[in-house]
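Read through the structure below, which is laid out as structure tokens, and then see the notes.
The values are calculated or read from the model by the stated rules, or taken from the named source; none is laboratory data. It should be emphasised that the depicted structure is a prediction, and the values quoted were computed from it without experimental measurement. FYI the Cβ positions are ideal-geometry reconstructions off the backbone, even for glycines, and counts take in every protein chain you see.
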Amino acid sequence: MPTSIQESVSRQRNGLKKLLGNSLSNFAYEVSTRIDDIVVLNDYLRQAFKLIPYCKYIYVLDADGVQISATVYVDGMNSVDAGRDRSQRPYMSSFISSSGMNKVDDLDFDLSEAYISKNRKRPSITAIQVIRNAEDKHVGFLGVDYDLRELPPADEIYEEPRQHRQIKGDPSIRGSLFLQHRVESPMDVQLERVMAILEELMLEHGVYHCQIHYSSSRVTVWQVDDPFVYRILTMDELSDMSICLAYPRRPYLKRSIVPKEEIMKIFKQFSALRFADETIYLRSGSLNLVNGFIGLNFSCDGTHYLTHDEFLNKGMDFWFGTSDITDNRQRLMDDILESLGQSGCKDVNKVISLLDQGEIPTELNDLHEDEREYIHHELKSIMAIYENGTCEI
């Protein structure tokens, strides 16, 4: 099974090259014998739909990449395209450089990257076959367009990579992060009950995937008896244990790779991330028993995907002691220091005095204790520059 989406695409492309390349090579030689008579050439191109599998459109270019035939399709042809310069189209880049230099000596066939067709707005791919005559002289190119929907499907779907993935979210949310605070939701108040219900649904009632939306107090679940449909549970349902009666009893899923005893551990770790900080907190968390993946979305709109065992092995220091979260907290403290510095020495000394007395200045209400100590130390260091702690040097 392919281990990444890139590997899956590569395998599919290689399969298409083998499927399409041989038929195009034989057809291109026959085209070379008719390339000097456009009427005969256009007529022969109609045969392509019997000889070339999955062909959608076919056309012939001269050695410089200019179209000389009509664009032929199964029900007719479009002669308007004759004379169209295709030399700088992306699918020609393997054969003709941007300066117009021909590069066909070592390459006879290439398959383009997938693209959206200009006319029909469909996912498409183009195969280009070099046309050589009986003397092996390059005389043109055969172009064939394919509709991706009509090509044979991939044999197997790729497997999601299992390494920790972090995806940054909306920059506007990240930029205004410290203007927001966690507001206690109805789910926050009844979280113990919610976790117990979800554990029961996953252990005994065939729910194999759940996504917990803490801020909006809802849970989305997928169940084995109806796996293509999700169900939304609001706090009306989640506050009543009898909701389990609405789901048939099912044995713990055989495909699950998450041990039964770890489900509640995961939910409790979610809860810890929800309440650990009033500014940076878990907004939603998901658990899939089949692939064992955890999904986390934080208030900064950053998203993480990782395996359940890796998630449980990471302590709180990982989430709140490193990476983006620490960077954001440091920026907040730097902004506070800059703001206090601009307000003048009188205000700075007032903040220092309050901190010396163990009181919390209004400006530092939202900081942790260690962060206030950092601000305290930095302000004292700044004021130490001045003689006797005044603003007179």
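Some observations on this one:
- Flag if Leu107 is at pLDDT below 85 and not assigned by TED's automatic domain parsing to the domain that holds Asp64: no
- Residue list for region 134-163, restricted to those being modelled with pLDDT of 80 or more and exposed (fewer than 14 other Cβ atoms within 10 Å of the Cβ): Ala134, Glu135, Asp136, Lys137, Arg149, Glu150, Gln163
- Per-region count, region 258-283, residues farther than 21 Å from Arg193 by Cβ and without any contact (Cβ under 8 Å) to a residue 40 or more places away in the chain: 1
- Residue in region 285-296 that is crowded, with 21+ Cβ neighbours inside 10 Å, in contact (Cβ under 8 Å) with a residue 60 or more places away in the chain and closer than 13 Å to Ile212 by Cα present: yes
- Qualifying position, being within 30 Å of Glu30 (Cβ to Cβ), in contact with a Leu (Cβ under 6 Å, 6 or more places away or on another chain) and in contact (Cβ under 8 Å) with a residue 24 or more places away in the chain, among Pro123, Pro152: Pro123
- Number of positions in region 130-155 that are assigned to a strand (DSSP E or B), under 15 Å from Asn102 (Cβ atoms) and not β-branched (Val, Ile, Thr): 4
- For Cys244, the conditions (1) more than 23 Å from Leu296 (Cα to Cα); (2) surrounded by 14 or more Cβ atoms within 10 Å (Cβ to Cβ); (3) under 31 Å from the mean Cα position of the chain (by Cα) are fulfilled apart from (3).
- Identity of the residue in region 361-380, modelled with pLDDT of 75 or more and surrounded by fewer than 13 Cβ atoms within 10 Å (Cβ to Cβ), that ends up nearest to the chain's Cα centre (by Cα): Asn365
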